[in-house]
1. Could you give me the ³J(HN,Hα) list for the range B:303-316, computed from phi with Karplus coefficients 6.51, -1.76, 1.60 and θ = phi - 60°, whole Hz, x at Gly and Pro?
2. Non-local amide H neighbours of B:THR167 (under 5 Å, H modeled in plane, Pro and chain starts lacking H): which ones?
3. What fraction of the DSSP beta bridges in the protein assembly as shown is antiparallel, stated in percent and rounded to the nearest 5?
4. Ordered shortest first, which distances in nm separate the 7 Å Cα→C-beta label point of B:ARG179 from those of the other copies?
5. Considering the convex hull of the alpha carbon atoms of the range C:384-453, report its projected area averaged over all viewing directions, in nm², one decimal.
6. Karplus couplings for the range A:192-198 from phi (6.51 cos²θ - 1.76 cosθ + 1.60, θ = phi - 60°), rounded to Hz, Gly and Pro as x?
7. Fewest first, what order do C:HIS63, A:HIS306, C:HIS37 take by the number of other Cβ atoms within 10 Å?
8. What list of ³J(HN,Hα) couplings, whole Hz, do you get for the range C:364-373 from phi and the Karplus terms 6.51, -1.76, 1.60, once you set θ to phi - 60° and write x for glycine and proline?
Amino acid sequence: MTSLVHADVLFPSDPGIRATARALYQTVAGLPIISPHGHTDPRWYALDEAFADPAQLLIVPDHYIFRMLFSQGIALEDLGVRRLDGSPVEADGRRIWRLFAENYHLFRGTPTRLWMDYVMSSLFQIHEPLGPETAETSYEQIADKLRQPEFRPRALFKRFNIEVIATTEGALDDLRWHRMIRDSGWDGRVVTAYRPDAVVDPDFEGFPANLDQFGQLTGEDTGTWSGYLAAHRQRRAYFKSFGATSSDHGHATADTANLSTAEASALFNRVRSGKAEAADRRLFRGQMLTEMAKMSLDDGLVLQIHPGSWRNHSPAMMTRHGRDMGFDIPTRTDYVGALKPLLDAVGLEKDLTVVLFTLDETSYARELAPLAGVYPALKLGPAWWFHDSPEGMRRFREMTTETAGFYNTVGFNDDTRAFPSIPARHDIARRVDCAFLARLVAEHRLREEEAFDLAKELAYTLAKKAYRL
Amino acid sequence: MTSLVHADVLFPSDPGIRATARALYQTVAGLPIISPHGHTDPRWYALDEAFADPAQLLIVPDHYIFRMLFSQGIALEDLGVRRLDGSPVEADGRRIWRLFAENYHLFRGTPTRLWMDYVMSSLFQIHEPLGPETAETSYEQIADKLRQPEFRPRALFKRFNIEVIATTEGALDDLRWHRMIRDSGWDGRVVTAYRPDAVVDPDFEGFPANLDQFGQLTGEDTGTWSGYLAAHRQRRAYFKSFGATSSDHGHATADTANLSTAEASALFNRVRSGKAEAADRRLFRGQMLTEMAKMSLDDGLVLQIHPGSWRNHSPAMMTRHGRDMGFDIPTRTDYVGALKPLLDAVGLEKDLTVVLFTLDETSYARELAPLAGVYPALKLGPAWWFHDSPEGMRRFREMTTETAGFYNTVGFNDDTRAFPSIPARHDIARRVDCAFLARLVAEHRLREEEAFDLAKELAYTLAKKAYRL
Amino acid sequence: MTSLVHADVLFPSDPGIRATARALYQTVAGLPIISPHGHTDPRWYALDEAFADPAQLLIVPDHYIFRMLFSQGIALEDLGVRRLDGSPVEADGRRIWRLFAENYHLFRGTPTRLWMDYVMSSLFQIHEPLGPETAETSYEQIADKLRQPEFRPRALFKRFNIEVIATTEGALDDLRWHRMIRDSGWDGRVVTAYRPDAVVDPDFEGFPANLDQFGQLTGEDTGTWSGYLAAHRQRRAYFKSFGATSSDHGHATADTANLSTAEASALFNRVRSGKAEAADRRLFRGQMLTEMAKMSLDDGLVLQIHPGSWRNHSPAMMTRHGRDMGFDIPTRTDYVGALKPLLDAVGLEKDLTVVLFTLDETSYARELAPLAGVYPALKLGPAWWFHDSPEGMRRFREMTTETAGFYNTVGFNDDTRAFPSIPARHDIARRVDCAFLARLVAEHRLREEEAFDLAKELAYTLAKKAYRL
């Protein structure tokens, strides 16, 4: 019986490259995981309860999985995805798992397939390919494991060799789970990250009420520009006290602005009144990126910009199932013009770190690498979301390295809420990077000892350093 | 004497990958051809007459060929391409063929070279490279074959192992050749496809007269919106009666609209009057894509959208030689915003199939794969036109598979009017796909038995299923 | 002791491809260098003085180097880059060289690293990797060589096997160094190229004064459109008398226009008055590209269009250090619409050569190859600037060859002011092209003898022919 995941998975077939890739990988495979950006639930680490059944753990919350099944005509309800109107959806984990297993061939060639095989194989000791015939036994085997104490969140955290993981919380979050983790005396390092979209984006649901709550939480007057900024400063400090080393911003574009205090204050008043036009609302989001960057200069938080997703593209699905249902679609994204106001303000600051992500790969070689290759404040985030895949990561290195080098990148982000897949994701990134380095060695573009250095930088050190962890 | 086309053509050099590619290819090389989208002339199959001389068959009608020669300073007139003003052009097939042979080196590295070598070698048993020295003998050999009955269209159809081929006819076409094919009792399966650009695009030459003719053909009142739609429904049914399973739409952009009946009716009236502004004409084209999609929900025709070509870029060439003279140039194309009205209307329908093509490869990973990877109505057409080439097909797979999978693609379209090249085109697509699958196997991203499954899906099954053939 | 540059550098690892790449390379490695576009200083060839110290030669003027170091927090002042305000900067070559050596790891994976290793190894006989430990000895060794007569510009010119090199001078340049070279009787062939941005771009510093000077230089009345055009014609002829075979235009976009004489004249008057709006200034630049193309039809100069760079992106750096400080960032660039007026005017002329460059790789397959693959006047310049790199050159071939072929490209441009790196740059281009050809041979897409032909075309002949050198 062979493993579902071959020891040489993702290494190029050419023997010369493969041997080097293997050798490089051997030195980084066992390094601890630095996970500076992700979406796991801090509640897991706080309560350390057993995970629910296999479907609830592995399928129902995974938008990569249900979007593919949906694209082939399978109803989300049959996959147990809840409806906003409360109508019943499939609740039987076995049936959901079976439906997934019957359609597992749809994932051939996708990262989901790699992650899932890796999780089944490494974590749950399943060695038969998933399919209709193995649906039952694999479900049982996973369910059985999940009842064991070694499969509780904290045990997995240790087993996964996670040195530090960041979760992401909204500016209004009380961080109760982080407090509980801290109070528990557990030695796992779980930090938060400051994600203020709900109080920064005038188009966010409930924005005015959010600002009110933001004021109550902080005791600042969020009816004024200065009070609003003070509230941010206070919350950032609060998040820092729970380990945060970064903020994160999921704007639709990379637009920034750098208004005078008077202009910004007037803009805030228009936005606060709820009467701002679309252009003003956009301008406000842009201004806030620059404000956040300025605060970062003071408090040292790393600023992450994640633009370019058209969120909730299908209104019918938004109404039926809500956000994050696989209907976020990438769009063309400009950085060179969009970031200029921010860069004019703080781009030359070498103590500032702004990490740029993209869903538009055309920007890698054309815009992002040239920008990060000269502005001290800029670094490149790894291949993101749909591009967090073997081909996507390869393209990222091929299209950024020659202009930005390796040292203007920040290692890997798993960016996931799928906790069991974290080791798989980091392992895949390490393999793809080792394969890339091995090719450079094989083509005599890099000396072998340099590749060994770099393999460790890409797998571990750069993330730790860039995110100040 | 060796063949012009090596048995391993297009298989990667790495021995591990090549062996698997070969093995996969062996299982699909002999599969029948499904050609669901193309531009061969139904008259050929109807009349089954001998083709004219080699130049008229292989050079004069092939825009890939004459655009390259023209780019290097050769006059189209010397290639026998007719002028709209009726001035004489070269009529001697031998001279045209010689000019082509003398410049055959210009095609090195292009798909035209692969197709032509394949046709000369497989079909005409020519084994010497084309060049000035072999121009005469190759011409003679081809001309000689073309006089033989085994080289008539129907015999070639059988020899090419075509299971079904679709031609493309305008909405005003009387389908006489299709009728003649049917009435002849010949068992070759030739179906039509509904291409209504001439009665859908207000910028099409003779649009108002076309609408009049559309009304006469159908007995509907194409002076009204409802009559106009009824005319479409009737013609679609007529085309279906000649085997059509798809419609095809060659708009400049992917813009769609979904107006109310009242708005659409008013828009139609403005367009019908000939006084519509450019914005209205564009809106009308967009509205019609949605109308066609809605009709597809009723009659089951697969909707194909082929946007992104700036047709007839050179007005001087348009005046001199007319349409389709190699001066159609791809442009940047947006899908995410452009398709939204159509997708909001019918994108979640799982019984609808909309096949998207692109000339803008940047949309593969950024827009098309994410869209097709979630909307049940969407599928991805193969690499198209300038991208119907080994590198283009490889990029298509590399940039779409990880997000859309293989099963949201629809196999290969040859999209050609160059009948003799059809086996070459399908063969190349099969080879490139097998090479891609072989790499996934070699990198342990796919199991071998899965690759065999997929090779057949990509070569045969997906096209048949997606196009309902 | 092994060389810093392996004999097989940049050849693919696959043995079958590598053997062919090596064989191809052997036949072109020794060909003379044709350098039809670059920025070396004609003063060097005129005066033939020894170069200054290693830092002043290799680091201080190289924007690839100092932008990367700056991006990692190193001040340009510490690298000896002069400030416009005259504040002191590091002047000690040894200290600058040491700082570079200590940070040499930042260049891993970049072309700078390849070029520098090549220069140190081939030219200066240094065989130890650069780093903190070797900073001192390598500095000494280079400095020592630079004092020797064999390392003076003319000796290097011969040693580098340069058949002809073009420099680039502004329209107002008196070409004194070129005159001195000619008068010296030296047989090295150094030609100029006509770069009129300063008198064509209304946004150029000192544009009105430049026009005045343009008038004085030529005796034409540059207060009128016809006089202004006559001045251009005269300067072009003057540049031609110093060997120029090309003009070069660094516009922000590829926009062109083709106004009537009356319109153009009126536009010139608005621009000349200094009161033209941004749209008029843009239109004027576009009109001038077409005017230059028309003059090229008369005088035979090859027209080069280098669009798509957002120059001097950081105003703070522009103020502190001036132009060309690594802050030129590529932007999205349209060609299909932008070039249409020029192409409508002269695109079908087969005696005109317009060479297109891009910083936006998305245009290769989508726009540039389709345009160059049909318009007789168009050719594709090589991978440019940030894309003049192994991966960049590979992508250029992969994305242009299938549609434009090899013969619509113009060989390599080093485009550099870094004189010692010229052999490295040409060698790398030859290696990458041989590797690409070798892959085509290995995949049986090209016959071996064709690849040998093409290797020479790409390394030597195409550049010579396209640039009429």
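1. These are the phi-based 3J(HN,Hα) values: 9, 10, 10, 10, x, x, 9, 7, 6, 6, 4, 9, x, 5 Hz.
2. B:VAL191, B:THR192, B:ALA193
3. Here the share of antiparallel DSSP bridges comes out near 10 percent.
4. Label-point distances to the other copies, shortest first: 8.3, 8.3 nm.
5. Mean projected area of the Cα convex hull: 4.9 nm².
6. With coefficients 6.51, -1.76 and 1.60, one gets 9, 9, 8, 10, x, 3, 5 Hz.
7. C:HIS63, A:HIS306, C:HIS37
8. Per-residue couplings from phi come out as 3, 7, 7, 10, 5, 5, x, 5, 5, x Hz.
Read-outs throughout are calculated quantities, based only on the coordinates presented, and are distinct from any laboratory measurement. Being a predicted model, the structure only gives us computed values, none of them experimental. Quick reminder, even Gly has a Cβ in these numbers, built from the backbone with ideal geometry, and neighbours come from all protein chains shown.
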